[in-house]
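Asker: Mind having a look at this structure? Questions to follow.
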Amino acid sequence: MDKIVIEGGYPLRGDIRISGAKNSAIKLMAVPLLTDKAVTLTNMPDLRDTRSMAGLLEYLGVEVDRPKPDVMTLHAPKLSRTDAPYDLVRKMRASFNVLGPLLARAGEAKVSLPGGCAIGARPVDLHLKSLEALGAKIELDQGYVHASAKGGLRGAEIVFPFVSVGATEHTMLAAVLADGTTTMLNAAREPEIVDLAECLNAMGAKITGAGRSEVTIEGVASLSGVKHSVVPDRIEAGTYALAAATAGGAVRLTHVRHDHLGSLWPLIAQAGARVSLDKDSVLIERGTGRPRPVDVDTQAYPGFPTDLQAQFMALMCLAEGVSIIRENIFENRFMHCPELIRMGADITVRGREAIVRGVPEFIAAPVMATDLRASASLINAGLAARGETHISRVYHLDRGFEHIEVKLGQCGARVTRQKDD
């Protein structure tokens, strides 16, 4: 098993190109299940999660070709099976989203309930209720979802009781081939949802309102092939922006959609770093002074992303004062706090609220990654720490960050990947 070793205390200086969005790519990879035509995805990140999804798709009969590191062509002229076993689905929660496309195309599916990071319960009941509203018959048996719609899916009005990105995307994937019109109310508004809708529309789907709380989908009989570029990863961009603000220096992020992080830039500036926005790049600069404290509440998009909460906390651990961070999305997303405390941070967790009292510096220590975004917070802390930080269980990190040690190394960070003892 690998670990990341960081010799801290070196400001970051250089450019970092942002990869395609993990959270978009893995949902786009389910699209080829809806058509017998080829789907080519460009700007594809090479991640543990995309490789896991590719393995599941190949099991289902999808031909997967990767002619270049950032290009993937997927083609399913026919499906060889409509079941997704536990051993394949447990590796990544988003793989559960093959259920809707299989049901829409084949009229039946058997998919294991999902696994993924242990950052909260994240039940799939909204997914299943949406599919039932579309006419599917759902049965749960020994950890599997058995779904059938022999007469095909039909359009429906679906009102989500709370905003759910996964349920919004899953419903969209199923409803594009349904008979009639589907309306989603209280839909999630994330850029990744817009990216999925744009890809499906380019294939002949009729989706309007993506990116707003009301989305309308007029079902079509079939979808064509497409070549689609995955939207840049806003969470990766935010992570490296916060790395620069935490470690100091000047980092230019390229190939970035800065409008997707409108909630982050003012907070980084409030903390004392300089943020310069250009057409498709962002420059983050911070000198030697300590950051200023900033309170943060995570919210559904366009609010502050829960996926950047841990990374922002690492910055606030060095602030000259007290900040309060409230986690409103997941009930168990402070697992990084004990590891940051091992590095000298002063954090008190009370339910969904963390009180962060800034300290002058991080001190290197052996730490353990507990989930994907927690891994990134430990990387950022290690970059600023005095001494050599060893981060174990970085397989979490590899789920969502492409060649992170290489990208940071190009900016002067002393980061290496080694075999764990």
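Rule-based calculations on the coordinates, nothing more; no lab input. All of these numbers come straight from a predicted model, not from anything done at the bench. For neighbour counting, all protein chains shown are included, and Cβ atoms are generated from backbone atoms with ideal geometry for every residue, glycine included.
Asker: Among 186, 134, 26, which residue has its Cα positioned farthest towards the positive end of the charge dipole of the range 22-227, with +1 placed on the Cβ of Lys and Arg, -1 on the Cβ of Asp and Glu, and the dipole taken about the Cα centre?
Answerer: 26
Asker: List the aspartates and glutamates whose Cα lies under 19 Å from the Cα of residue 137, skipping any in the same chain that are fewer than 8 positions away.
Answerer: 83, 108, 125, 157, 179
Asker: If the only charges are +1 at each Lys and Arg Cβ and -1 at each Asp and Glu Cβ, what is the size of the charge dipole of the chain around the Cα centre, to the nearest 20 debye?
Answerer: On the way: 48 positive and 49 negative charges, 62 e Å.
Result for the chain is approximately 300 debye, rounded to the nearest 20.
Asker: Extension gain residue 324-residue 208, at 0.36 nm per residue separation less the Cα-Cα distance, in nm?
Answerer: 37.9 nm
Asker: Please arrange 195, 398, 2 by counting, for each residue, the other beta carbons lying within 10 Å of its beta carbon, fewest first.
Answerer: Working: 195 25, 398 19, 2 15.
Ordered by Cβ neighbours within 10 Å, fewest first: 2, 398, 195.
Asker: Which far-off residues, 5 or more places away or on another chain, put their amide H under 5 Å from the one on residue 297, with H placed in the peptide plane?
Answerer: HN-HN under 5 Å from residue 297: 326.
Asker: Sort 327, 132 by Cβ crowding within 10 Å, fewest neighbours at the top. If you can, show how the numbers build up before the last one.
Answerer: Details: 327 23, 132 15.
Going from sparsest to densest Cβ surroundings: 132, 327.
Asker: Describe numerically, in nm with one decimal, the distance between label points set 7 Å from Cα along Cα→Cβ at residue 66 and at residue 277.
Answerer: 3.4 nm
Asker: Same structure, new question: By how many nm would the segment from residue 348 to residue 150 grow when fully extended, if each residue of separation counts as 0.36 nm and the alpha-carbon distance is taken off?
Answerer: Working: separation 198, 0.36 × 198 = 71.28 nm, distance 5.35 nm.
That works out to 65.9 nm of additional length.
Asker: Moving on. Would you mind computing, in nm to one decimal, how far apart the modelled labels at residue 59 and residue 1 are, each placed 7 Å from Cα along Cα→Cβ?
Answerer: Placing both labels 7 Å along Cα→Cβ, they lie 2.2 nm apart.
Asker: What is the extension gain from residue 179 to residue 269, computed as 0.36 nm multiplied by their sequence separation minus the C-alpha to C-alpha distance, in nm to one decimal? Each step should come with its number before you reach the end.
Answerer: Details: separation 90, 0.36 × 90 = 32.40 nm, distance 4.91 nm.
Once the chain is fully extended between residue 179 and residue 269, it gains 27.5 nm.
Asker: Determine the distance separating the Cα centre of the range 258-301 from the Cα centre of the range 38-113; give it in Å without decimals.
Answerer: Rounded to whole Å, the Cα centres lie 36 Å apart.
Asker: State the antiparallel share, in %, of DSSP beta bridges confined to the chain, rounding to the nearest 5.
Answerer: Values: 58 of 82 bridges.
Rounded to the nearest five, the antiparallel share is 70 percent.
Asker: Something else: Under a Cβ-only charge scheme (Lys and Arg +1, Asp and Glu -1), can you give me the dipole magnitude of the range 22-227 about the Cα centre, in debye to the nearest 20?
Answerer: Details: 23 positive and 23 negative charges, 46 e Å.
Its charge dipole is roughly 220 debye.
Asker: In addition: Give a quick list of trypsin sites (Lys or Arg not before Pro) in the range 127-226 that DSSP marks as loop, anything other than H, G, I, E or B, with at most 10 other Cβ atoms within 10 Å. Each step should come with its number before you reach the end.
Answerer: Numbers: sites: 129, 137, 150, 154, 189, 206, 212; in loops: 150, 189.
Those satisfying the criteria are 150.
Asker: Within the range 2-22, name every residue whose backbone N is under 12 Å away from a label modeled 7 Å from Cα of residue 418 along the Cβ vector.
Answerer: 3-7
Asker: How large is log10 I(q)/I(0) at q = 0.13, 0.21 Å⁻¹ when the Debye formula is applied to the Cα atoms of the range 228-329, each weighted equally and without solvent?
Answerer: One equal scatterer on each Cα of the range 228-329 leads to -0.41, -1.07.
Asker: At 20 °C and 1.002 mPa s, what whole-number value in µm²/s does Stokes-Einstein give for the translational diffusion of the chain, with Rh from the Kirkwood sum over Cα pairs? Can you show the working numbers first?
Answerer: Numbers: Rh = 21.9 Å.
Result for D is 98 µm²/s.
Asker: May I pose another question? Suppose each label sits 7 Å from its Cα in the direction of the beta carbon; what would the residue 15-residue 142 distance come out to in nanometres?
Answerer: With each label placed 7 Å out from Cα toward Cβ, I get 5.6 nm.
Asker: If you don't mind, another one. Kindly provide the helix-only [θ] at 222 nm of the chain, computed as the sum of -39,500 (n - 2.57) over DSSP H runs of four or more divided by all residues, to the nearest 500 deg cm²/dmol?
Answerer: Values: 14 runs with 121 residues, N = 421.
After summing the helix terms and dividing by residue count, I get -8000 deg cm²/dmol.
Asker: Follow-up question, since we're still on this one. Using the C-alpha gyration tensor of the range 22-227, what are the square roots of 5 times its eigenvalues, in whole angstrom, with the largest one first?
Answerer: Numbers: eigenvalues 96, 76, 61 Å².
Equivalent ellipsoid semi-axes, largest first: 22, 19, 17 Å.
Asker: My understanding is that a pair violates if its Cα-Cα distance is over 24 Å; which of 78/227; 3/68; 3/91; 27/206; 78/150; 91/227 do that in this structure?
Answerer: Those over the limit are 3/68; 91/227.
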